[in-house]
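Novice: For reference, the structure I am asking about is given below.
What follows draws every value from the coordinates through simple rules; no lab data is involved. Everything numeric in this text was worked out from a predicted model, so none of it was measured. Quick reminder, even Gly has a Cβ in these numbers, built from the backbone with ideal geometry, and neighbours come from all protein chains shown.
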Amino acid sequence: MNQYRNTQIQDTTPVSSQRKQSSNSGGRIRKARYFVLISALLLSFFLTFKLLQNQLYFQEIALTYLKSNNHEASFARLASSNPKKYQKELKAEVDNTDKALKAFLPKQSYIVINTTTNHFKLYDADSKLLRDGLVSTGSFTVLKASDNKQWMFKTPRGQLKVLKKTKDPVWKRPDWAFIEEGQKVPSANHPSRFEYGTLGDYSLSLGYGYMIHGTLYKRFLGLPVTHGCIRMGDEDLEDVFNTLKMGSKVYIY
Amino acid sequence: MSQSVSNNTGSSEEKKQNFIVWFLLWFIRRPGMQFLFLLTAILLPAVALVFTVILPAITFEPIPVNEQRIHASDTLKTKTAEIPREQVPFYIDLLNKEQKLSFLQNRLELARQDSIYLVLNLQDSLLDIEIKGLPVQRCKLLSVDASNRLKVAPHEDIQAWLGKPFTLKKEFATIPKVPMLIVDAPKDTNEAAKLPKKPMEPEKTAVFFTLMFDRNLVLLVEQAEAVVPEEEMLVAGYRQVNDSLFKRSFLEKVIQPMPSDLPVFIKVKMNEGDARSIYRSIPHAGVAKLLINPLNEIK
């Protein structure tokens, strides 16, 4: 009996521990399952978020694999007409359009001026670069006068032409040149309007009062400081003056 | 007391570590649980991938074309007659000639106008500034990242899309379009003498700009040079504006994954000087034009 008792006592202890252990392990397993589910859901949301965030990128990849640039429709269109005749027409049209386009290109020497970097490039009729260097172009200053008048000092852009070439030009100061210096504006042909030597040895008129000319302020070459004209160094100006002819094209951008 | 607290913390950390080790061993031994984990993790993104990427991509027209053209193209497709294989090079030659003609006609049209325009040549990685048919500046593109849509769109659609010059609708940049300085005229010579005579120094600001054209074309131009630390904020601001312009909400992305007006992006990198010259030289929105050289010779 005692032995039986002892055995019972000996047996009950591991059973309760086993129960405790199994309830512990059940809790752990439940916890682990929740953990798996929650982490799977979080990963799922994260992947979906990333997919939608980079949707355009994935769509581009999908398009690469799902679409192919077939020419079926183009072939069908061409086949529906007379292809041989169409080929001849196309060739003629390409040649004509090319010819029409070439007619716009300069037939004689020309100059290209970049108003952003304040550089120029002088080319001959075959588009061979002859000279390049610094210029000064419009400062983009807006001068506001008291009588509601204002001037914007910018160099015009596009294709212009040399309209007049002058040696030893004289500058006839416009109204803004006086207003800018706080002086009274004189009459139209007042002697104070005429300045000698300011424009250098040569000038090439581009119309609307704009010119390519020399400068006394050589240290400012390469900077946007002018009232809209294009200033050049003496040697560059001489070369440009001798190379460009009347009607030569001046490209400004 | 403090000792007992530290002991408690130590034991709880130990318990956590034990649990993690136990969990990993438990998870490794249960393939069913692993399968469930993968299934749960992948199901939603897979559904999103199918419904917001793959299915819309199947029906999507890579290049935005008008309704009329789509129908015309469908009609042609239905009429497709088998072209003998030996005649294919002849037809391809015709298509190349058509492309060339269309490009030349557009250049001619732009040359007839007085405006400065851009010509983008993706094949040779060049962006030219042209005036009256003459490329006055040739800018080498150091990197080009064009949308795949241009490569996979049917030739007829690409041809129609490139069929006329693109017109600039909107632009924004890290630099001002016109570096304008407003000066009030001095009242007298004394006041004039006091005005600063020193000219503006050449600009060195980072150049990044976005040109939004019609037909959903967006050209992003970036300088290739690294941005100096002082200008990082400026560039970050630009990128923020850029992102906000093209950003779509998650709901929009789910409801309408690929709308017909989805922008066609072309991102290019070039020298800072070239980028500045381009941005300053092109006319304002509504007037500025861009012409794209045929993307590739058809083979």
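Novice: Restricting to DSSP loop positions (anything but H, G, I, E, B) with no more than 16 other Cβ atoms inside 10 Å of their own Cβ, which trypsin sites (Lys or Arg not before Pro) remain in the stretch A:182-223?
Specialist: A:LYS184
Novice: Set the bar at 29 Å for Cα to Cα. Now go through A:LYS149/B:LYS169; A:LYS165/A:LYS218; A:LYS167/B:LYS177 and name every pair that lies beyond it.
Specialist: Check vs 29 Å cut-off fails for A:LYS149/B:LYS169; A:LYS167/B:LYS177.
Novice: Expected output is a single nm value to one decimal: the length gained when fully extending between B:MET180 and B:LYS16, i.e. 0.36 nm times separation in residues minus the C-alpha distance. What is it?
Specialist: 52.4 nm
Novice: Relative contact order of chain B, please, whole-number percent, based on alpha carbon pairs below 8 angstrom and at least 6 residues apart.
Specialist: Taking the mean separation of contacting Cα pairs over the length of chain B, I get 27 percent.
Novice: Can I ask one more? Treating only the Cβ of Lys, Arg, Asp and Glu as charged (+1, +1, -1, -1), what charge dipole size does the stretch A:110-252 show about its Cα centre? Round to the nearest 20 debye.
Specialist: 420
Novice: Where the only charges are on Cβ atoms (+1 Lys, Arg; -1 Asp, Glu), what is the dipole of the protein assembly as shown about its Cα centre, to the nearest 20 debye?
Specialist: For the protein assembly as shown, the charge dipole is close to 1280 debye.
Novice: Given a 10 angstrom Cα cut-off, can you work out which residue in A:ARG231, A:ARG77, A:ARG30 is the most mobile in a GNM of chain A?
Specialist: Between A:ARG231, A:ARG77, A:ARG30, it is A:ARG30 that shows the largest mean-square fluctuation.
Novice: I need the GluC sites (Glu not before Pro) found in the stretch B:211-242, filtered to DSSP loop residues with at most 12 other beta carbons within 10 Å of theirs.
Specialist: none
Novice: How high is the FRET efficiency from A:ARG219 to B:ARG248, r the C-beta distance, R0 51 Å, rounded to 0.05?
Specialist: The value I calculate is 0.45.
Novice: Could you pull out every residue, at least 5 positions away or on a different chain, whose amide H is within less than 5 Å of the one on A:HIS119? Hs are placed 1.01 Å off N in the peptide plane, and Pro or chain starts have none.
Specialist: A:ASN114, A:VAL135
Novice: In sequence order, what are the phi-derived ³J(HN,Hα) couplings for the stretch A:172-186 according to the Karplus relation 6.51 cos²θ - 1.76 cosθ + 1.60 with θ = phi - 60°, rounded to whole Hz, with x for glycine and proline?
Specialist: 9, 5, x, 4, 4, 5, 7, 4, 4, 9, x, 9, 6, 6, x
Novice: Here is a further query. With an 8 Å cut-off on Cα pairs and a minimum separation of 6 or more residues, tell me the relative contact order of chain A in percent.
Specialist: Relative CO of chain A lands at 20 percent.
Novice: Okay, moving on. For A:THR215, enumerate residues with amide H under 5 Å from its amide H, sequence gap 5+ or separate chain, H modeled in the peptide plane.
Specialist: A:MET232
Novice: A further question follows. Calculated FRET efficiency, A:ASN96 and A:GLU238, Cβ-Cβ r, R0 30 Å, to nearest 0.05?
Specialist: 0.10
Novice: Towards the positive end of the charge dipole of the stretch A:13-151, with charges on Cβ (+1 Lys, Arg; -1 Asp, Glu), say which of A:ILE113, A:ALA145, A:TYR34 has the farthest Cα.
Specialist: Value: A:TYR34.
Novice: Same structure again: Within chain B, which complete DSSP H helices have Cα atoms spanning at least 27 Å along the helix axis and a mean Kyte-Doolittle hydropathy of -0.5 or higher?
Specialist: TM-like helix candidates: B:2-28, B:88-111.
Novice: Turning to a different aspect of this structure: Convert 37 °C to kelvin, take the viscosity as 0.692 mPa s, use the Kirkwood radius over C-alpha pairs of the stretch B:139-267 as Rh, and evaluate the Stokes-Einstein diffusion coefficient in µm²/s, rounded to a whole number.
Specialist: 176
Novice: With charges set only on the Cβ (+1 for Lys and Arg, -1 for Asp and Glu), what does the dipole of the stretch B:204-274 come to about its Cα centre, in debye to the nearest 20?
Specialist: In debye, rounded to 20, the stretch B:204-274 gives about 340.
Novice: Then there's this: Taking the Cα centre of chain A as the origin and placing charges on Cβ (Lys, Arg +1; Asp, Glu -1), which of A:GLY207, A:SER25, A:HIS190 is farthest toward the positive end of the dipole?
Specialist: A:SER25
Novice: Run through the stretch A:93-131 and list the trypsin sites (Lys or Arg not before Pro) located in a DSSP loop whose Cβ has at most 13 other Cβ atoms within 10 Å.
Specialist: Taking the stretch A:93-131 and a limit of 13 other Cβ atoms within 10 Å, the loop trypsin sites (Lys or Arg not before Pro) found are A:LYS107, A:LYS128.
Novice: For the charge dipole of the protein assembly as shown, defined by +1 on Lys and Arg C-beta atoms and -1 on Asp and Glu C-beta atoms about the Cα centroid, which residue among A:TYR253, B:ASN96, A:ALA73 has the Cα displaced farthest towards the positive pole?
Specialist: A:ALA73
Novice: Moving to a separate point now. Would you mind telling me the antiparallel percentage of the DSSP bridges in the protein assembly as shown, rounded to 5?
Specialist: Counting only bridges with both partners in the protein assembly as shown, antiparallel ones make up about 75 percent.
Novice: Most fluctuating residue of B:ILE92, B:ILE116, B:ILE63 in a GNM of chain B with Cα springs under 10 Å: which is it?
Specialist: Among B:ILE92, B:ILE116, B:ILE63, the largest mean-square fluctuation in the Gaussian network model of chain B belongs to B:ILE92.
Novice: At 0.36 nm per residue, and after removing the present C-alpha to C-alpha distance, how many nm does the segment from B:LYS140 to B:ASN271 gain when stretched out fully?
Specialist: 46.4 nm
Novice: What FRET efficiency comes out for the pair A:LYS172/B:ASP93, r = Cβ-Cβ distance, R0 = 56 Å, nearest 0.05?
Specialist: 0.35
Novice: Just check chain B against the gyration tensor rule for me: Cα atoms, a ≥ b ≥ c as the square roots of the eigenvalues, rounded for a/c under 1.5, and otherwise prolate or oblate depending on whether a/b exceeds b/c.
Specialist: oblate
Novice: Can you tell me how the stretch A:110-252 classifies by the Cα gyration tensor, rounded, prolate or oblate, using a/c under 1.5 as the rounded cut?
Specialist: The shape class here is prolate.
Novice: Return one quarter of the surface area of the convex hull spanned by the alpha-carbon atoms of the stretch A:156-200, equal to its mean projected area, in nm².
Specialist: 4.4
Novice: Continuing with the same structure: Any idea what % of Cα-Cα pairs in the stretch A:66-158 are farther than 22 Å?
Specialist: 64
Novice: Pull out a ≥ b ≥ c, the square roots of the eigenvalues of the alpha-carbon gyration tensor of the protein assembly as shown, then state rounded if a/c is under 1.5, prolate if not and a/b is larger than b/c, and oblate in the remaining case.
Specialist: oblate
Novice: Would you mind checking which residues have amide H under 5 Å from A:LYS161's amide H? H placed 1.01 Å from N; only 5 or more apart, or other chain.
Specialist: A:VAL250
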